[in-house]
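The values are calculated or read from the model by the stated rules, or taken from the named source; none is laboratory data. A quick note: this is a predicted structure, and the numbers were derived from the prediction, not measured. All Cβ positions, even for glycine, are placed from backbone atoms using ideal geometry, and neighbour counts span all protein chains on display.
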Amino acid sequence: MDSKPNTTHTHAELNDIARRWLLRPESGRGPGCKVAFTEVGAVGDGERADAWGYRWGSEGGSVLVESKVSRSDFLRDRHKPHRQPMHGVGLGDYRYYICPEGLINISDLPDRWGLLWVNKRGHVKVLAGHVTSSFAVPTLWNGEIVERHSLRDYAPFWRHESDQDAERGLMAYMLARVGDPDALLQEQRGYLRLNAQQTSQIIALEKAARADRQTIARMRRTLLKAGLEDPVLPTSRGTPVFMLDEEAGNASS
């Protein structure tokens, strides 16, 4: 029996959960993307992704995640132009749906699509997709694990033909939104230098304050030994001694 769908998460919340999952390393059952964005698309009126990430290097590629908060939204998705075979290719070498737990089942999925369930606490459960190919599968013998083998060889079966021109345009557009990377790096270094300077100043001020407190403590001990009152301590009437002396001086003048 299918579990009752959990609809506690909004579309925007699912997008953010998907972005964070895209950045999750393989060891944490994620795709290990190096960069990830939400609600992005190539320039023009083409496909827009709820979440999209890219992993470079060996076994790299792009990963698309579509967020669905209702069955009707999911069913409409398959009729989008970029989902039609005659359209050609779309975003994502690997593609996933993310939804509240129980909303979409594996039997509902289009060919080679993965599925992520999100429970009420925001935890992601991977039900299908190329990420499952990196899970270690135990081999049992007489009830004991004798070895673990990976299903990594099956990852290519989940792969789609992606629109690389559109994805290059998407990356260029996102880079343009960020601005000049070298200028941002220099600005960041400037902030780090300023932070280091201010930290040094704070440490110096705290050191001076400790020295002042030690000096005040020594002076109070000296006054106590001499039998004199501390001029900055309150009297029985609640007014510091030095203020009484000052008022007396003003009266006599």
### Query
Taking the range 52-70 on its own, how many of its residues are in contact (Cβ under 8 Å) with a residue 12 or more places away in the chain, part of a loop (DSSP other than H, G, I, E, B) and closer than 23 Å to ASP16 by Cα?
4
## Note on the structure
Residues in the range 21-34 that are surrounded by 14 or more Cβ atoms within 10 Å (Cβ to Cβ) and either out of contact with any Gly (no Cβ under 6 Å at 6 or more places or on another chain) or in a helix (DSSP H, G or I) (or both) total 8
### Query
Is it true that THR199 is modelled with pLDDT of 85 or more, among the hydroxyl-bearing types (Ser, Thr, Tyr) and either in the same structural domain as GLY92 (by TED's automatic domain parsing) or more than 30 Å from TYR54 (Cα to Cα) (or both)?
yes
### Task
With the condition kept exactly as written, say whether any residue in the range 71-87 is in a strand (DSSP E or B) and either modelled with pLDDT under 90 or exposed (fewer than 15 other Cβ atoms within 10 Å of the Cβ) (or both).
no
### Task
Within the range 88-104, track down each residue that is assigned to a loop (DSSP other than H, G, I, E, B) and at pLDDT below 85.
GLY88, VAL89
### Task
Return the total of residues in the range 67-120 being acidic (Asp, Glu) and under 28 Å from the mean Cα position of the chain (by Cα).
4
### Query
For residues in the range 115-157 being hydroxyl-bearing (Ser, Thr, Tyr) and modelled with pLDDT of 70 or more, which is nearest to LEU14 (Cα to Cα)?
THR132
### Query
When GLY179 is evaluated against the numbered criteria (1) modelled with pLDDT under 75; (2) of a type outside the set (Ser, Thr, Tyr); (3) over 27 Å from the mean Cα position of the chain (by Cα), which criterion, by number, is the only one it fails?
(3)
